[in-house]
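The values are calculated or read from the model by the stated rules, or taken from the named source; none is laboratory data. The structure presented is a predicted model; accordingly, all values stated were derived computationally and were not measured. Accessible surface is based on the protein model in full, side chains and every heavy atom, while ligands, DNA and RNA are left aside. Shrake-Rupley method; radii C 1.70, N 1.55, O 1.52, S 1.80 Å.
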Amino acid sequence: MIVVLWTDVLVWLLVAALSGYAWFVHRREHLAAPWRRVSQSAAGMVALVVLVPYLAVGLADSLHFRPRLEARPGANAAAGRAAYSVEVLSVLDLALAPLRRNTERTYSEPFATRAYAKETVELGGGRVAREFPRLRFGGADLADEDDRGRDIVARLVRGAGLGLVVWLAGTFALVAALARGADAAYGELWRALWRGRTRTAWRAVLASAALVLVAAFATASLASGYHVLGTDKVGIDVLYLALKSVRTGLIIGALTTLVMLPFAVLLGIMAGYFKGWVDDVIQYLYTTLNSIPGVLLIAAAVLMMQVYIDTHPELFPTSAQRADLRLLFLCIILGLTNWTGLARLLRGETLKLRELEFVQAAQAFGVGPARILTRHVLPNVMHLVIISLVMDFSGLVLAEAVLSYVGVGVDPSMISFGTMINAARLEIAREPMVWWVLAAAFIFMFALVLAANLFADAVRDAFDPRVRVGAALAGKAA
């Protein structure tokens, strides 16, 4: 039974909008040129290769359904309708079914074969002892625990080898496609790729893709026999939790930026272009909004929504739908409270642009304000919009972790980096310390935010006209 969540709809609408934008840009050279410059940046393309797996995980986790329950033996299937589980799963849950089902009793370290804490174990004959019990899944295939090191190495080599084979197949397919498109010889194209002389930074793409594929397949091979990142308090695999947290982070970052974008762009350029009372009203609006403590405003709004959800349970048949509505409302609140910084930046830039010769010439020829804003002002501030949105995306991913840590973020039943950190904070002080839950959330968040920031730098350099002029002047001087 297919389940459509509000955030699923918005995510796939965003994918459709980006696809339409890509098709629109592809047909117009002046719009495609900046993105072509982005493809020439080695750092930007490496960051994009890292971001692609995150996006794939997020999209796979945005296709939800309720599994059908098996009929009881002897029941008349024709007498009633099919019954479905109240648990809402996703395509990602199907792909990660072994990780989701192979749970332990409680904490276990990464690659461990025994539990992290001692338990009372019956030895037979009425005798009991305190020892570290054997895990039900981690290393269960080992007849002798002393063989764990060799088994880990063997799984690592098999997974890395398979990833390398997939990379080689993809590389040969890419080179063949490029050779057909450019009508070039395979040997010449291979040499150009190896020496980094192609327009697109294919060498950086292929090198980073090799590392990503080898790491992904090696991790998958190890995860088939061990808990690669350990387990949490209730025995759930931490790698599964980290992968499920990716969608929450992407939604918080992407949907919130979409909410704040219209307010920031429209009010920012209007304040800078019209000045006067329009500028005064808009400045008063965002100054007043900035004077309200953001955390308190977000907390009040989220708690009000939680009260509405609790008092209207008939509107939300599953816990996933309740958690999804709270996530959507959190994105809206974050967007309404975070547009002021970009609006202030666009106001200052528009104040400078309106005094330039091409804008004054358009005014002298009687061009209307709406056309001046859309044809002259907006294209010259788009580099600021893009870089600010990508940078805000990184900040919002981190903000979700902080808000969930203080208890006003996503629903506690929803898996996110913030809920992982919140669950791990009390375990840091215990003895022995449980460190791997916090470390897993840190690693996944660090890779996502760093890749987003590097890609934002490449986009800024490609879209900022001042950077292009400076580079051209430097090339002439050389």
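Given an 8 Å cut-off on Cα distances and at least 6 residues of separation, report the relative contact order of the chain as a percent. Spell out each step's value before the answer.
Values: 597 pairs, mean separation 95.0, N = 478.
For the chain, the relative contact order is 20 percent.
So what are the ³J(HN,Hα) numbers for the range 429-443, from phi and the Karplus equation (6.51, -1.76, 1.60; θ = phi - 60°), rounded to whole Hz, Gly and Pro as x?
Whole-Hz 3J(HN,Hα) from phi for the range 429-443: 8, 7, 10, x, 6, 9, 9, 6, 5, 5, 5, 5, 4, 5, 4.
Tell me, what % of the accessible area of the chain is carbon and sulfur with a 1.4 angstrom probe?
66 percent
Here are several values of Rg and Dmax of the Cα atoms in Å: [x] 23.2, 81; [y] 26.9, 100; [z] 30.3, 94. Which one was derived from the coordinates shown?
For Rg and Dmax of the Cα atoms in Å, the calculated option is [y].
What does the accessible area per residue of the range 355-451 come to in Å², with a 1.4 Å probe and no ligands, DNA or RNA counted?
On a per-residue basis, 49 Å².
Among the lysines in the chain, how many pairs, 8 or more places apart or on different chains, have alpha carbons under 28 Å apart?
4
If you average the sequence gap of Cα pairs under 8 Å that are 6 or more apart and divide by the length of the range 274-420, what percent do you get for the contact order?
With pairs under 8 Å counted, the relative contact order is 27 percent.
Using only alpha carbon pairs under 8 Å that are at least six residues apart, calculate the relative contact order of the range 340-442 and give it in whole percent.
15 percent
Take MET304, MET1 and sort them by solvent-accessible surface of the protein heavy atoms, 1.4 Å probe, largest at the top.
The most accessible residue leads, giving MET304, MET1.
Once the Cα atoms of the range 257-362 are picked out, what are the Rg and Dmax in Å?
Both quantities, over Cα of the range 257-362: 18.6, 61 Å.
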